[in-house]
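Enquirer: Once you've had a glance at the structure underneath, I'll fire off some questions.
Only the coordinates and a few stated rules stand behind these numbers; no lab work does. For clarity, every value in this text was computed on a predicted model and none was experimentally measured. Glycine gets a Cβ as well: all are built from the backbone with ideal geometry, and neighbour counts include every protein chain shown.
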Amino acid sequence: MRYMLLIYSREGTADSNQERAIALRHRDVMNEARTRGIFHGAEPLQPTTTAVTVRRNGHEKVLVTDGPFAETKEQLAGYYILDCASLDEAIAWAGKIPTGCQGGEGSVEIRPIRTMKVAIEGS
């Protein structure tokens, strides 16, 4: 089953040396997952200052607001998509992912990816 591992961390808490060390640790995790044939993608996200949230008000009106949808101490920083044999395996991989915070703060949320049952036109 494919799992999305959502990485949450505090923005702006790492200095440039820490950011480089964290990036190298991410590279190591991605390379190991690639070698094992379970890697399907990973990307960092731009800061929450670049985010917009889109909501629908009823069936007609679309409301767009700046920023993420919730105020939290940690922000969604990036993700991995891995094809793991079990949730236990996904948990083991999540334990390898650096969260990018000083003092090791941060978390990784694991969500199974549902298979689309409806054909998407043009695919």
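Enquirer: How much net charge surrounds residue 20 when only the other residues with a Cβ under 15 Å from the Cβ of residue 20 are counted, with Lys and Arg +1 and Asp and Glu -1?
Expert: -1
Enquirer: Right, next: Tell me the net charge near residue 76. Cut-off is 11 Å between Cβ atoms, residue 76 excluded, with +1 for each Lys or Arg and -1 for each Asp or Glu.
Expert: After counting each charged neighbour, the total is -3.
Enquirer: May I ask you to order 35-42, 5-12, 60-67 by the average number of other C-beta atoms within 10 Å around their residues, highest value first?
Expert: 5-12, 35-42, 60-67
Enquirer: Follow-up question, since we're still on this one. Among 27, 55, 111, whose mean-square fluctuation peaks in a Gaussian network model of the chain (Cα, cutoff 10 Å)?
Expert: Residue with maximal mean-square fluctuation among 27, 55, 111: 55.
Enquirer: Let me ask something additional. Below 8 Å between Cα atoms, with a sequence gap of 6+, how large is the relative contact order for the chain in percent? Could you put the intermediate results ahead of the total?
Expert: On the way: 182 pairs, mean separation 58.2, N = 123.
For the chain, the relative contact order is 47 percent.
Enquirer: So if I place +1 on the C-beta of Lys and Arg and -1 on the C-beta of Asp and Glu, and nothing else carries charge, what would the dipole magnitude of the chain be about its Cα centre? I want it in debye, nearest 20.
Expert: That gives the chain a dipole magnitude of about 300 debye.
Enquirer: Taking the chain as the region of interest, what is the percent of Cα-Cα pairs per 10 angstrom bin, listed from the shortest bin to the one with the maximum distance?
Expert: 12, 35, 32, 17, 4
Enquirer: Can you tell me the dipole magnitude for segment 30-90 around its Cα centre, using point charges on the Cβ only (Lys, Arg +1; Asp, Glu -1), in Debye to the nearest 20?
Expert: 240
Enquirer: Still on this structure: Counting pairs of alpha carbon atoms under 8 Å apart in space and at least six apart in sequence, what relative contact order in percent does segment 37-88 give? Kindly include the intermediate steps, with their values, before the conclusion.
Expert: On the way: 60 pairs, mean separation 25.4, N = 52.
RCO, segment 37-88: 49 percent.
Enquirer: Report the net charge of residues surrounding residue 4, where surrounding means a beta-carbon distance below 10 angstrom and charges are Lys +1, Arg +1, Asp -1, Glu -1.
Expert: Residues near residue 4 contribute +1 overall.
Enquirer: Separate question: Can you tell which of 86, 53, 107 lies farthest toward the positive end of the dipole of the chain, using +1 and -1 charges on the Cβ of basic and acidic side chains (Lys, Arg; Asp, Glu)?
Expert: So the residue we want is 86.
Enquirer: Something else now. Per DSSP helix of 4 or more residues, -39500 (n - 2.57); summed, then divided by the residues of the chain. What does that give at 222 nm, rounded to the nearest 500?
Expert: Helix-only estimate at 222 nm: -7500 deg cm²/dmol.
Enquirer: Order by neighbour count: 107, 86, 16, fewest other Cβ atoms within 10 Å first, most last.
Expert: Numbers: 107 13, 86 10, 16 7.
Ordered from fewest to most neighbouring Cβ atoms within 10 Å, 107, 86, 16 come out as 16, 86, 107.
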